[in-house]
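Working notes, beginning with the structure itself.
The values are calculated or read from the model by the stated rules, or taken from the named source; none is laboratory data. All values reported here derive from a predicted model rather than from experimental measurement. Backbone-built Cβ (ideal geometry, glycine too); neighbour counts: all protein chains shown. Only protein heavy atoms, including side chains, enter the accessible area calculation; ligands, DNA and RNA are left aside. Shrake-Rupley method; radii C 1.70, N 1.55, O 1.52, S 1.80 Å.
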Amino acid sequence: LCENLQTYSLVIMDYQMPKMDGPECCKQLRELEAAGEIPKQTIIGHTAYCSEEDLAYFTSCGAVDILLKPLTEHTFNLMLEKWLLIEDPNLTTDLTASSEGSDQFVD
C-alpha cells in the first residue's frame with residue numbers, strides 16, 4: 001500500500017486500478033486492521049463489473065457494500081446516508097427507490 005497510510009470515515013474503492021486492483025487493496029487494508037496497525041474502515045466497492053461472482057469476490061475481500069456504475073447522485077447520497085448515518089429527510093435508505101435527480105450520473 002503506502003508508507004503514509006491514513007484512515008478515513010469511508011473509503012470508496014474502485015475495482016480496477018493501475019497498480020493494485022480494488023479487491024487486493026481491500027484485502028491488504030483488512031490485514032492491516034487485523035494486525036492492529038490501522039483502525040477499521042468502511043470500504044465501499046465501486047465497479048462496472050456486475051456479475052454475481054465479481055461482486056461476491058469484492059465483498060469477500062473486505063468491501064462492505066458495492067456501488068455500481070453508472071453511479072447516480074441519488075444512489076451515491078443513499079450510500080453516504082447508509083454508512084455515515086447522515087440524517088436527511090429527503091433521502092431514503094431504499095437504494096432501489098426512484099426519486100428526482102436519480103437520472104443524474106456522477107463520474
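Annotations
- Residue tally, condition open to solvent by 50 Å² or more (accessible area, probe 1.4 Å) and closer than 18 Å to LEU10 by Cα, over the stretch 39-48: 2
- Boolean, THR7 is in a helix (DSSP H, G or I) and β-branched (Val, Ile, Thr): no
- Where a residue in the stretch 55-71 is among the acidic types (Asp, Glu) and its partner, wherever it lies, is surrounded by 15 or more Cβ atoms within 10 Å (Cβ to Cβ), with Cβ under 6 Å and at least six apart: ASP65/ILE44
- Long-range neighbours under 8 Å by Cβ, at least six apart or interchain, first residue under 16 Å from ASP65 (Cβ atoms) and part of a loop (DSSP other than H, G, I, E, B) within the stretch 19-45, second open to solvent by less than 60 Å² (accessible area, probe 1.4 Å) and of a type in the set (Asp, Glu): LYS40/GLU33; GLN41/GLU33
- Residue count for the stretch 46-76 satisfying the condition of being touching a Lys or Arg at 6+ places or on another chain (Cβ under 8 Å), part of a strand (DSSP E or B) and over 21 Å from THR7 (Cα atoms): 1.
- Options SER60, SER51: the member that is at pLDDT below 95, of a type in the set (Ser, Thr, Tyr) and either out of contact with any strand residue (DSSP E or B) (no Cβ under 9 Å at 6 or more places or on another chain) or closer than 18 Å to SER9 by Cβ (or both): SER51
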